[in-house]
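Heads up: the structure comes next, in C-alpha cells.
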Amino acid sequence: MNKILLILSFFVTGLWVNAQAFTDKALQQSATQLNTANTEGDFDKLFKKFTETKTSEKWQAGYYAAVSMYLKAELQLKKSPASAIEPNATAGKYALGASLSQPENPEINILLGLITLQSLQTGAYRYPSKGEQALSEYILKAESSEPNNPRLAILKAKSAEKSGNKTDADAQYQKAASGLDAAPGWGKQLIQTNK
C-alpha cells in the first residue's frame, strides 16, 4: 500500500512540475508577442493571458500585464489623452503589485517611470510636481543597477522630449534602438513611433 502511495505521489508531483513548466513557457511566449501587438485588441488579449497565467513567478505575470496595458495606453494617448487614463491606471496597479515582490528590479522601476511619465502626459496626475519627483527617483534607481538598459534609454528619451530637449531625446532613442537589437525585449514600438 505504501509503495502505491509513494508511486502515486511521484506521479502527481511530476504532473504538477510539468504543468508549471508549461505555464512558465506560455508566459515567455506571450511576452515575445508584446513587440508584434499593434492594436488595442491585441494588448487586451495579451493582458488577459498574463493575468490568467499560473506561473511560479507571479511578479513576472503582473509585470507583463502592466506592460501590455502601458503599451495600450501609449497607443490610445496618440488618439486622445483622456482615453489613455484607464489603461494607464491599470498598468500602474499591476506594476506596483510586481514591485512589492521585486522592489529593486530595474525593469519594474523603468516601467513605473514610463507609467508615471504617461500619467503626467494624460493630465491624470493630481500633483504634477510629485509625479516629476517620482519619475526622477525611478530613473535614478534603474540607472544605479542597469545603466545600459534599452528601456531606460526609452524612458530618458521620453523624459527629454517632455522637457523639450529633442537632441538628447534623439540620442537616447538611438541608444535604445541599438540596445534592443542586441538584447531582445519589449519596447521597439516606442522607438518606431518617435523616430
Filter region 109-149 down to residues that are closer than 18 Å to residue 171 by Cβ, more than 14 Å from the chain's Cα centre (by Cα) and of a type in the set (S, T, N, Q), then give me how many there are. 1
For residue 37, only one of the following conditions fails: (1) part of a helix (DSSP H, G or I); (2) in contact with a Leu (Cβ under 7 Å, 6 or more places away or on another chain); (3) open to solvent by less than 20 Å² (accessible area, probe 1.4 Å); (4) more than 19 Å from residue 159 (Cα to Cα). What is its number? (1)
Give the residue, chosen from 116, 90, that is polar (S, T, N, Q), at pLDDT 95 or above and farther than 18 Å from residue 163 by Cα. 90
Members of region 40-53 found to be part of a helix (DSSP H, G or I) and β-branched (Val, Ile, Thr), listed by number: 51
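Okay, residues lined up against (1) closer than 24 Å to residue 150 by Cβ; (2) in contact (Cβ under 8 Å) with a residue 60 or more places away in the chain:
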position	(1), (2)
26	no, no
35	yes, yes
50	yes, no
60	yes, no
67	yes, yes
89	no, no
98	yes, no
115	yes, no
Total residues in region 43-61, condition small (Gly, Ala, Ser) and either open to solvent by less than 60 Å² (accessible area, probe 1.4 Å) or under 14 Å from the mean Cα position of the chain (by Cα) (or both): 1
At pLDDT 95 or above, hydrophobic (A, V, I, L, M, F, W, C), part of a helix (DSSP H, G or I) and open to solvent by 70 Å² or more (accessible area, probe 1.4 Å): does that describe residue 111? no
Test for residue 27: is it more than 24 Å from residue 189 (Cα to Cα), at pLDDT below 90 and in a helix (DSSP H, G or I): no
Test result for residue 51, modelled with pLDDT under 95 and closer than 21 Å to residue 29 by Cβ: yes
Over region 73-108, the set of residues under 11 Å from the mean Cα position of the chain (by Cα) and surrounded by 24 or more Cβ atoms within 10 Å (Cβ to Cβ) is 91, 94, 95, 98, 108
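The values are calculated or read from the model by the stated rules, or taken from the named source; none is laboratory data. Quantities reported herein were computed from a predicted structural model and do not represent experimental measurements. Cβ atoms come from the backbone with ideal geometry, glycine included; neighbour counts cover every protein chain shown. The accessibility values were calculated without ligands, DNA or RNA, using every heavy atom of the protein model including side chains. Shrake-Rupley method; radii C 1.70, N 1.55, O 1.52, S 1.80 Å.
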